Amino acid sequence: MKNTALTEKHIALGAKMVPFAGYSMPVQYEGVTIEHETVRNGVGVFDVSHMGEFILKGENALKLIQKFSSNDASKMHDGKAQYSCMPNGKGGIVDDLIIYRINENEYFLVVNASNIEKDWNWISAQNNLGVEMTNVSDDYCLLAIQGPLAAEAMQSLTSVDLSNMNYYTFEHNKFAGIDNVMISATGYTGSGGFEIYVRNEDANELWEKVFLAGKSYGIKPIGLAARDTLRLEMGFCLYGNDITDETSPLEAGLGWITKFTKDFVDCEFLKNQKETGVTKKLVAFEMIDRGIPRKDYEIHDEEGNQIGIVTSGTMSPSMKKGIGLGYVNLPHNQLNSNIFISVRNKNLKALVVKAPFYKK
């Protein structure tokens with residue numbers, strides 16, 4: 001089991017530690033609901049240093065990215081980040097990722113912790129273009145400082161105007177007295193904030209200064225359990241649940257990051273799928289009957305026929321009701337359709353809704 005540079009901090013703070021993607025990670029400190037509400041209403045800090053980071057360099061770096069990713073990275077400028085996914089050549093998804101453009105010949109990729117080796121091998125297999133690839137996953141600490149008070153709470157640590165950073169932009173600058181920190185206006189919570197990348201040797205200094213700066217704002221450490229409830233309230237996909245090697249971007253509602261303005265792995269397959277139409281779709285649903293949907297629960301129609309499967313589900317701390325994502329056969333994906341979630345052998349009524357569940 002790997003540790004992050006901050007594992008000892010989490011243990012000292014009384015975090016419940018669990019194995020996650022090969023790392024010992026804090027799942028919660030005070031409790032999921034308290035931590036969730038801290039991020040929705042104030043500011044909280046996640047250690048997400050288990051995420052993977054790759055650097056691609058060279059005159060063909062963009063060409064390689066265009067080949068393996070579904071989104072159009074040619075639309076990016078220096079200091080811009082882009083959400084994308086990597087089709088797997090068989091109609092499924094290798095992983096979703098964020099691509100950062102440092103300059104025209106250098107890109108920084110952030111991938112899911114559980115897929116680091118798989119993604120590295122996949123991109124390497126596409127790289128017949130002489131692009132220099134470096135896996136820096138073990139070198140970086142990543143703090144996600146999230147919540148509506150994040151910019152105000154962190155402003156004393158940097159000369160960058162945090163409040164005016166556009167969503168999905170980033171810059172390298174001094175932060176918390178540390179040089180060349182990557183400050184990214186991104187996150188997985190839907191409540192605003194930043195993701196801060198530093199070298200491991202600077203991680204403890206960063207943690208201390210972030211909590212000192214945020215003290216008067218009620219800043220708290222947040223575990224992975226609340227990260228999951230926060231992302232689910234926004235309807236954000238989680239790899240391994242809502243998107244996998246068996247699901248296409250179009251089935252998952254990721255047509256907006258699937259651009260046919262270029263050629264890429266699975267381009268023709270996906271173009272054809274778009275024209276002929278998919279047979280199943282990822283939907284968001286809210287429970288009408290009392291009950292909590294969970295991953296792999298069956299979804300039924302009114303007659304009791306199975307029409308799909310739950311991929312993510314929880315009791316929403318913000319809305320105080322069960323919510324979930326799941327794949328259903330068409331036409332059961334229509335908004336306001338009634339579907340039934342099989343919870344402990346009972347079919348409980350739910351309603352297909354438009355994500356996000358949480359409206360600010």
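Here are the numbers for the structure shown:
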{"read-out": "Among (1) in a helix (DSSP H, G or I); (2) in contact with a helix residue (DSSP H, G or I) (Cβ under 7 Å, 6 or more places away or on another chain), the one test that residue 216 misses", "value": "(2)"}
{"read-out": "Pair list, Cβ < 6 Å and 6+ apart or interchain, from the stretch 236-247 residues that are in contact (Cβ under 8 Å) with a residue 24 or more places away in the chain and of a type in the set (Ser, Thr, Tyr) to residues that are outside any loop (DSSP other than H, G, I, E, B) and surrounded by 20 or more Cβ atoms within 10 Å (Cβ to Cβ)", "value": "239/95; 239/96"}
{"read-out": "Enumeration of residues in the stretch 14-36 that are in contact with a Phe, Trp or Tyr (Cβ under 9 Å, 6 or more places away or on another chain) and either in a strand (DSSP E or B) or surrounded by 14 or more Cβ atoms within 10 Å (Cβ to Cβ) (or both)", "value": "15, 16, 26, 27, 35"}
{"read-out": "Filter result for the condition that a residue is in contact with a Lys or Arg (Cβ under 9 Å, 6 or more places away or on another chain), under 22 Å from residue 14 (Cβ atoms), not charged (D, E, K, R) and not assigned by TED's automatic domain parsing to the domain that holds residue 110, over 221, 148", "value": "221"}
{"read-out": "Number of positions in the stretch 1-13 that are buried (at least 17 other Cβ atoms within 10 Å of the Cβ), in contact (Cβ under 8 Å) with a residue 24 or more places away in the chain and not in a loop (DSSP other than H, G, I, E, B)", "value": "2"}
{"read-out": "Condition check for residue 216: more than 22 Å from residue 13 (Cα to Cα) and in the same structural domain as residue 21 (by TED's automatic domain parsing)", "value": "no"}
{"read-out": "Test: residue 77 is surrounded by 23 or more Cβ atoms within 10 Å (Cβ to Cβ) and either touching a residue at least 40 places away in the same chain (Cβ under 8 Å) or over 30 Å from residue 10 (Cα atoms) (or both)", "value": "no"}
{"read-out": "Enumeration of residues in the stretch 175-193 that are buried (at least 23 other Cβ atoms within 10 Å of the Cβ) and aromatic (Phe, Trp, Tyr)", "value": "175"}
{"read-out": "Residue ID - farthest from residue 3 (Cα to Cα), chosen from residues in the stretch 186-200 that are touching a residue at least 60 places away in the same chain (Cβ under 8 Å) and not hydroxyl-bearing (Ser, Thr, Tyr)", "value": "190"}
{"read-out": "Criterion (outside the structural domain of residue 320 (by TED's automatic domain parsing), surrounded by fewer than 16 Cβ atoms within 10 Å (Cβ to Cβ) and not aromatic (Phe, Trp, Tyr)) met by exactly one of 88, 60, 115, 103", "value": "103"}
{"read-out": "Strands (runs of 3 or more DSSP E) wholly inside the stretch 236-351 containing at least 1 residues that are more than 25 Å from the chain's Cα centre (by Cα) and loosely packed, with under 14 Cβ neighbours inside 10 Å", "value": "306-316, 338-343"}
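The values are calculated or read from the model by the stated rules, or taken from the named source; none is laboratory data. None of the values given here were measured: they were computed from a predicted structure. In this analysis, Cβ positions are derived from the backbone assuming ideal geometry, glycine residues included, and neighbour counts consider all displayed protein chains.
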